[in-house]
Amino acid sequence: MSAAEASVLAQIEGGAPLLIRMPSDAGSVYFCSTRPMAEDSNLISQGVVFYVALQRALAAGAAGLSSERARICGTIPSQDAAHWQPLDQDSREIPPSRRTLNGGLYDTGDGLVALNRPLSEDRVDVVGEADLAKIFGDLDVRQIQDDPVSQAGLASEIWRACLVMMILALLAEALLCLPERSVTVAQASVPAGTTPRPHAQH
């Protein structure tokens, strides 16, 4: 290794290098020109930078020693995966020419590779009016714009009407479930075998 091959990643005031990277046969070697001590730097009091740098160094070192890799679909040439051996049933069903375009688990001969979908596929983008016009062309498309906070939108009006109808239905059900009034008629009992005498009227 020579000083000409070194890359200065960070500098301190005055231009002195703080973090240097030197390439090597096994990866890279990093040199820091200060110590995480209170008398030398503020890496302890401002520990976010020091923590992130340390975690990235550990991840890079572990990746260089491990035989397992996690790659993103579409970043590997398809001819490189022609000799890969699939490790699960889903990977076996993928044609060799499309292995690098789909997620799967493979044995490359030098180690294991896990292909995953890019995170960008899970991002939901909003399509503008100009893009909608290009996509649908001459088709009749109606676009509804609504503010979730506003109460004058179409959705809020529908829910308000549904709420009123539900309240009316509950009131009607309550009226139908009211018990009927029972009228009790008192009848005088007459002994058997006797004829009731009519009352004389004056």
What number of residues in the range 112-140 are surrounded by 10 or more Cβ atoms within 10 Å (Cβ to Cβ), small (Gly, Ala, Ser) and over 19 Å from ASP90 (Cα atoms)? 1
Just to verify a result, which residue in the range 2-53, among those that are among the aliphatic types (A, V, I, L, M) and in contact with a helix residue (DSSP H, G or I) (Cβ under 8 Å, 6 or more places away or on another chain), is surrounded by the most Cβ atoms within 10 Å (Cβ to Cβ)? LEU43
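Here is a yes/no grid of residues against (1) at pLDDT below 85; (2) in a loop (DSSP other than H, G, I, E, B); (3) farther than 30 Å from GLY74 by Cβ:
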site: ILE94; (1), (2), (3): no, yes, no
site: ALA114; (1), (2), (3): no, no, no
site: VAL126; (1), (2), (3): yes, yes, no
site: ALA133; (1), (2), (3): yes, no, no
site: ILE144; (1), (2), (3): yes, yes, yes
site: LEU170; (1), (2), (3): no, no, yes
site: GLU173; (1), (2), (3): no, no, yes
site: GLU180; (1), (2), (3): yes, yes, yes
site: ALA192; (1), (2), (3): yes, yes, yes
Any pair with Cβ under 7 angstrom, 6 or more apart, that starts in the range 116-127 at a residue that is at negative phi and ends at one that is charged (D, E, K, R) and surrounded by 10 or more Cβ atoms within 10 Å (Cβ to Cβ): none
Scan the range 71-90 and tell me whether some residue there is assigned to a helix (DSSP H, G or I), in contact (Cβ under 8 Å) with a residue 12 or more places away in the chain and either more than 30 Å from the chain's Cα centre (by Cα) or surrounded by 15 or more Cβ atoms within 10 Å (Cβ to Cβ) (or both). yes
How many residues does the range 101-110 contain that are at negative phi and either exposed (fewer than 10 other Cβ atoms within 10 Å of the Cβ) or in contact (Cβ under 8 Å) with a residue 40 or more places away in the chain (or both)? 1
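The values are calculated or read from the model by the stated rules, or taken from the named source; none is laboratory data. None of the values given here were measured: they were computed from a predicted structure. Counting neighbours? That spans all protein chains shown, and the Cβs are built from the backbone with ideal geometry, glycine included.
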